[in-house]
Amino acid sequence: MLFSSQPALRHFAVLRLEKRRRYGTFWLVKDRRGLGENQYLLVPSRSRAWPLLLSSLSDLNASPVRLRNGKVALLVSNNDLELIHKSIQRTKKTRVQKLNAISGFESVASGRGKKPLVAILAFAALAVFVSVVPKPVVADVQVPEISKKPKPVVKCGLPIQIDDEIVGVIAKSKSIKVSGFEYKIANTQKLGGLLQLKLKRKCDQKYFRVDAWSQSNQVTVSKVY
């Protein structure tokens with residue numbers, strides 16, 4: 001049996017070995033409960049560290065999972081194998097990164113072309129943002145004035161954001177703070193420098209699942225589910 005008994009994998013069954021690549025092996029897996037489509041499990045090879053592959057597949061809803069043999073693999077929800085491969089190859093050519101055993105992957109200065117490349121990417125991001133923002137629709141309707149005072153913003157409803165810093169001891173049942181709000185750690189799992197946390201917000205008892213990178217004395221949110 002390829003998988004461990006973790007909740008993230010116990011409902012999945014291996015269908016077949018799909019593809020071998022230099023950076024890892026793709027297995028086709030199926031949710032036994034019949035709640036979703038087939039997915040791919042990417043087991044990295046020794047030539048490519050899993051944090052680098054996770055960075056390459058960040059847009060394809062990939063999540064790290066631990067196998068029965070102790071290795072870390074990536075569960076990819078996207079079922080287009082060629083798209084997954086192209087995403088990994090494209091990231092390898094365009095990003096200059098190195099692996100830190102504690103914090104995962106880090107960007108490295110790429111030389112003279114770094115500043116022009118950053119400027120081009122910034123303008124491209126701005127152009128995409130402007131193109132997707134919907135234009136306001138003008139309607140010839142009179143809106144009555146409301147004399148009631150606006151309701152105060154419920155601060156407890158503010159979501160956890162990427163790059164938020166987690167303050168406190170990371171351990172099960174311990175209390176931590178994120179952006180000034182208190183959470184209780186319901187569950188935690190460590191994969192190298194990556195922490196997978198299940199948090200319970202004390203003000204409204206709502207649960208959250210987040211990934212965070214631990215480096216030195218700082219823990220920073222990298223993904224919110």
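The table for this structure:
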| item | result |
| --- | --- |
| Difference of contour (0.36 nm per residue) and Cα-Cα distance, Arg46 to Gln189 | 49.2 nm |
| At R0 = 25 Å, FRET efficiency that the Cβ-Cβ distance of Glu37 and His85 yields, to 0.05 | 0.85 |
| Residues whose placed amide H lies under 5 Å from that of Gln215, excluding near-sequence neighbours | Thr220 |
| Proximal charge balance of Gln196 [Cβ under 11 Å; K/R count +1, D/E count -1] | +4 |
| Modelled FRET efficiency - R0 30 Å, Val169 with Lys71, Cβ distances, 0.05 increments | 0.60 |
| Segment 182-202 versus segment 34-86: alpha-carbon centroid distance in Å | 21 |
| Links that overshoot a 22 Å alpha carbon limit, given the list Lys86/Lys198; Lys198/Lys223; Lys172/Lys202 | Lys86/Lys198 |
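No lab work stands behind these numbers, since they all come straight from the coordinates. Just so we're clear, the structure is a prediction, and the values are computed from it rather than from any experiment. Neighbour counts run over all protein chains shown; Cβ positions are idealised from the backbone, glycine included.
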